[in-house]
Amino acid sequence: MKAMQERKDILQVRDIHKDFSGLKVLTGVDFEVKENEKHAIIGPNGAGKTTLFNIISGKYKPSSGSIIFKGEDISGRSPHALTRMKICRSFQMTNVFKELNVFENVRAGVRCDHGLRYNFLKRPGSIPEVNEKTEEILALVGLADAGETPARELSYGQQRALEIAVTLSTEPELILLDEPTAGMTREETIEAIKMIDKVTANRTLVIIEHDMDVVFSLADTISVLHNGSILVSGRPEEIREDQRVKDAYLGEEAG
Amino acid sequence: MINQRSFAQFLGWGIFVLIVGVVLPLGVRQYQVALLTEIIIFALFAVSYNLLLGYAGLLSFGHAMFFGVGAYTVAIVLNHISGLSFFGAVMISVMVTTVAGFAVGSLLLRHKGVPFALLTLAFNALFYAIATKWHSITGGDDGLSIRLPDINLGFAHLKTGDITVFYYITLLIIGSVILFCWYFTRTAMGQTVLLVRENEERMKFVGYNTNVSRLILFVFTGFLAGLAGSFYTLHYQFTSISAISIDMSTIVVLMVIIGGTGSFIGPILGACVYIYLQDFLSDITDRWPFIMGLIFIFMILYVPRGLSGLIDSFGERLRGRWHLRSSVEMEE
Ligand SMILES: Nc1ncnc2c1ncn2[C@@H]1O[C@H](COP(=O)(O)OP(=O)(O)OP(=O)(O)O)[C@@H](O)[C@H]1O
Ligand SMILES: [Mg+2]
């Protein structure tokens with residue numbers, strides 16, 4: 001516990017506001033994520049969880065407020081720049097290269113780091129390290145045997161695994177997973193979470209997740225997003241006992 | 001998605017085409033050799049256009065602006081710089097086209113779809129206007145003629161004015177560039193172009209600056225079109241306003257659509273068919289544009305995947321029948 005308290009903040013979200021042409025979705029979001037922490041964000045449907053990810057990952061610019069990554073203000077930077085700073089996110093709705101096979105899907109992100117982005121002379125597979133890294137990631141998420149399969153032909157569970165594999169392909173230090181288990185059965189969810197726990201070892205994870213059991217077992221810290229701001233942020237046992245959370249969210253869930 | 005033929009298959013085709021290319025002029029009349037030269041030049045123009053349309057999914061109605069800049073620059077530098085060599089003129093020309101591609105591309109960078117198409121059209125109109133109005137440099141409606149310099153390689157002196165010699169120069173240079181274009185589609189950049197078209201958003205989130213990749217591709221295709229344009233002028237020893245006209249942009253769109261955007265080889269077929277058809281029809285009737293128009297309408301309506309699509313599905317059917325027969329045999 002003591003060691004955890006001494007860890008540095010890798011991400012600080014400071015007073016983030018976001019409105020979409022008048023619709024105030026986020027009204028001052030504040031929280032921080034420590035290095036190597038597993039941080040869950042929970043909140044009712046439409047609370048603005050995905051919007052928050054969209055802002056941290058550079059898809060949207062915040063209306064106001066700032067995002068600090070390793071002490072540097074990164075608010076408003078473009079997704080590719082943030083990816084190269086080792087922040088990478090997954091999507092709630094699978095968002096991969098459907099017409100390409102699984103291997104190519106993952107290699108796209110891997111080769112990015114090896115000078116194979118806009119190279120006119122080298123072929124994408126020309127660096128053995130890139131192929132090895134790709135195989136490694138596929139093995140991690142359990143898609144080692146599906147390399148040749150076109151993404152669109154994967155089962156739903158495999159597509160979700162590929163979504164994570166693509167996210168990991170850029171070797172992120174800060175991983176943002178948006179409901180990676182959305183649409184899965186209980187059993188699939190448990191398997192998926194085991195896998196996520198394994199692949200995010202020694203990295204920082206921020207995860208949006210609806211399944212409370214999963215959240216309480218996986219996360220070191222939980223932040224509750226409610227009515228556009230963070231209601232409370234704390235260790236699982238604190239969140240479980242928090243009256244405001246019970247009223248606002250867990251109560252709803254139970255009822 | 002682009003049909004990715006296997007390397008061996010393509011190499012086979014490449015060698016076949018090369019041998020045909022080398023042997024072909026031996027048995028035919030000079031006029032036919034000149035026609036072949038034109039086909040090679042337009043094949044590059046069409047291939048470059050298909051990198052935009054077929055690979056990147058960018059519909060341009062202004063590709064002739066680069067063809068035209070290439071064509072005019074060669075003529076202008078040959079007229080103004082005395083003693084400039086053949087390759088010197090080509091080099092300057094492609095450099096100027098590359099700069100033009102970069103300038104136009106930077107302004108188009110953020111646009112896709114309909115705005116992109118309209119902007120390319122507008123830019124082409126602008127380039128055309130400059131070419132017509134800047135009479136002192138471009139010759140306006142009269143065009144520009146050139147005196148074609150010979151190529152002195154030290155050990156050999158090539159008379160570029162000879163139709164067959166020029167054909168072989170074109171085959172060697174433009175042919176190799178077309179081959180490189182094919183290789184390009186297999187390179188990291190070529191694949192990046194395909195992936196950006198497939199899912200641009202995800203490409204951004206795995207670290208690609210998709211605006212930059214679009215710009216690089218745009219400049220590259222402009223460079224290729226400029227090279228084709230400069231050979232167009234060298235071939236005719238003349239350049240006219242048609243080289244930079246919207247008509248010329250339409251021609252390349254038609255070539256690529258006739259040939260098929262779904263494969264690398266399609267636009268090359270399209271260039272062959274277009275030029276032979278035009279040559280053949282204009283010989284027999286003055287109403288050839290009308291007949292060409294009808295043929296294109298027919299093609300677009302009934303053969304939307306173009307000739308290469310037609311060949312592919314024909315091949316598939318043949319193979320399918322063969323599979324069918326062999327599986328029947330197995331059952332027996
Ligand atoms: N691009 C946008 N334009 C307009 N409104 C948006 C946009 N993105 C999100 N919203 C709105 O913001 C609110 C929060 O959406 P968001 O997707 O962030 O919620 P969420 O917490 O991720 O919900 P869920 O649990 O259903 O995924 C919703 O009312 C949504 O309609
Ligand atoms: Mg969401």
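The values are calculated or read from the model by the stated rules, or taken from the named source; none is laboratory data. Computed from a predicted structure; not experimentally measured. With ideal geometry, Cβ positions are generated from the backbone for all residues, glycine too; neighbour counts draw on all protein chains shown.
Restricting attention to the stretch A:26-45, does a residue exist that is among the polar types (S, T, N, Q), closer than 24 Å to A:MET93 by Cα and surrounded by fewer than 19 Cβ atoms within 10 Å (Cβ to Cβ)? Break it down stepwise before answering.
Keep residues of the stretch A:26-45 that are among the polar types (S, T, N, Q), which gives A:27, A:36, A:45.
Applying the additional criterion that residues be closer than 24 Å to A:MET93 by Cα yields A:45.
Still in the running and surrounded by fewer than 19 Cβ atoms within 10 Å (Cβ to Cβ): A:45.
Yes.
Any idea which residue in the stretch A:191-247 is nearest to ligand 2 (Cβ to nearest atom), counting only those that are polar (S, T, N, Q) and either in contact with a Ser or Thr (Cβ under 7 Å, 6 or more places away or on another chain) or closer than 24 Å to A:ILE175 by Cβ (or both)? Give the steps one after another, and end with the answer.
Restricting attention to the stretch A:191-247, the residues satisfying the condition of being polar (S, T, N, Q) are A:200, A:202, A:204, A:217, A:221, A:223, A:227, A:229, A:233, A:243.
Remaining after also requiring either in contact with a Ser or Thr (Cβ under 7 Å, 6 or more places away or on another chain) or closer than 24 Å to A:ILE175 by Cβ (or both): A:200, A:202, A:204, A:217, A:221, A:223, A:229, A:233.
Details: A:THR200: 19, A:ASN202: 27, A:THR204: 20, A:SER217: 21, A:THR221: 19, A:SER223: 15, A:SER229: 17, A:SER233: 19 Å.
So the residue we want is A:SER223.
Quick one: which helices (runs of 4 or more DSSP H) lie wholly within the stretch A:1-86 and hold at least 3 residues that are closer than 20 Å to A:ILE207 by Cβ and either more than 9 Å from ligand 1 (Cβ to nearest atom) or within 14 Å of chain B (Cβ to nearest Cβ) (or both)?
In the stretch A:1-86, the matching helices (runs of 4 or more DSSP H) lie at A:49-56, A:79-84.
Which residue out of B:VAL77, B:VAL165, B:VAL114 is assigned to a helix (DSSP H, G or I) and in contact with a Lys or Arg (Cβ under 6 Å, 6 or more places away or on another chain)?
B:VAL165
Would you call B:VAL253 in a helix (DSSP H, G or I), within 14 Å of chain A (Cβ to nearest Cβ) and in contact (Cβ under 8 Å) with a residue 24 or more places away in the chain?
Taking the combined requirement at face value, the residue does not satisfy it.
Name the residues in the stretch A:217-231 that are more than 16 Å from ligand 1 (Cβ to nearest atom) and surrounded by fewer than 16 Cβ atoms within 10 Å (Cβ to Cβ), would you?
A:SER217
Restricting to the stretch A:91-105, count the residues that are at the interface with chain B (Cβ under 7 Å from one of its Cβ atoms), out of contact with any strand residue (DSSP E or B) (no Cβ under 8 Å at 6 or more places or on another chain) and hydrophobic (A, V, I, L, M, F, W, C).
2
Among the listed residues B:ILE265, B:ILE216, which satisfies the condition of being touching a Phe, Trp or Tyr at 6+ places or on another chain (Cβ under 8 Å) and closer than 24 Å to B:LEU119 by Cα?
B:ILE216
Return yes or no: is A:ALA108 touching a residue at least 24 places away in the same chain (Cβ under 8 Å), within 12 Å of chain B (Cβ to nearest Cβ) and surrounded by 23 or more Cβ atoms within 10 Å (Cβ to Cβ)?
So A:ALA108 passes the test.
Out of (1) at pLDDT below 95; (2) more than 10 Å from chain A (Cβ to nearest Cβ); (3) buried (at least 16 other Cβ atoms within 10 Å of the Cβ), what's the single condition that is false for B:ASP150?
(3)
Pairs only if they're at least six apart or on different chains, beta carbon under 6 angstrom, first in the stretch A:167-181 and under 17 Å from A:ALA219 (Cα atoms) and touching a residue at least 40 places away in the same chain (Cβ under 8 Å), second within 15 Å of ligand 2 (Cβ to nearest atom) and not in a loop (DSSP other than H, G, I, E, B); list them, first residue then second.
Short answer, once both residue conditions are applied: A:LEU176/A:PHE53; A:LEU176/A:ARG89; A:LEU176/A:VAL206; A:LEU177/A:ILE207; A:ASP178/A:THR50; A:ASP178/A:PHE53; A:ASP178/A:ILE208; A:GLU179/A:ILE208.
Looking at (1) surrounded by fewer than 21 Cβ atoms within 10 Å (Cβ to Cβ); (2) more than 30 Å from A:SER57 (Cα to Cα); (3) of a type in the set (A, V, I, L, M); (4) within 14 Å of chain A (Cβ to nearest Cβ), can you tell me which one B:LEU224 breaks?
Evaluating B:LEU224 over (1) surrounded by fewer than 21 Cβ atoms within 10 Å (Cβ to Cβ); (2) more than 30 Å from A:SER57 (Cα to Cα); (3) of a type in the set (A, V, I, L, M); (4) within 14 Å of chain A (Cβ to nearest Cβ) leaves (1) as the failure.
Return the residues of the stretch B:156-207 that are over 30 Å from A:ASN54 (Cα atoms), among the basic types (Lys, Arg) and either within 13 Å of chain A (Cβ to nearest Cβ) or touching a strand residue (DSSP E or B) at 6+ places or on another chain (Cβ under 6 Å) (or both); say none if nothing qualifies.
Restricting attention to the stretch B:156-207, the residues satisfying the condition of being over 30 Å from A:ASN54 (Cα atoms) are B:156-187.
Keeping just the survivors that are among the basic types (Lys, Arg) gives B:159, B:186.
Passing the criteria: only B:ARG186.
Return the pairs, sorted by first residue and then second, in which the second residue is assigned to a helix (DSSP H, G or I) and among the small types (Gly, Ala, Ser), the first residue lies in the stretch B:62-83 and is surrounded by fewer than 24 Cβ atoms within 10 Å (Cβ to Cβ), the beta carbons are less than 6 Å apart, and the residues are 6+ apart or on different chains.
B:VAL77/B:ALA89
Given the criteria more than 14 Å from chain A (Cβ to nearest Cβ) and either assigned to a helix (DSSP H, G or I) or buried (at least 24 other Cβ atoms within 10 Å of the Cβ) (or both), does B:LEU215 qualify?
Against the criterion (more than 14 Å from chain A (Cβ to nearest Cβ) and either assigned to a helix (DSSP H, G or I) or buried (at least 24 other Cβ atoms within 10 Å of the Cβ) (or both)), B:LEU215 does not qualify.
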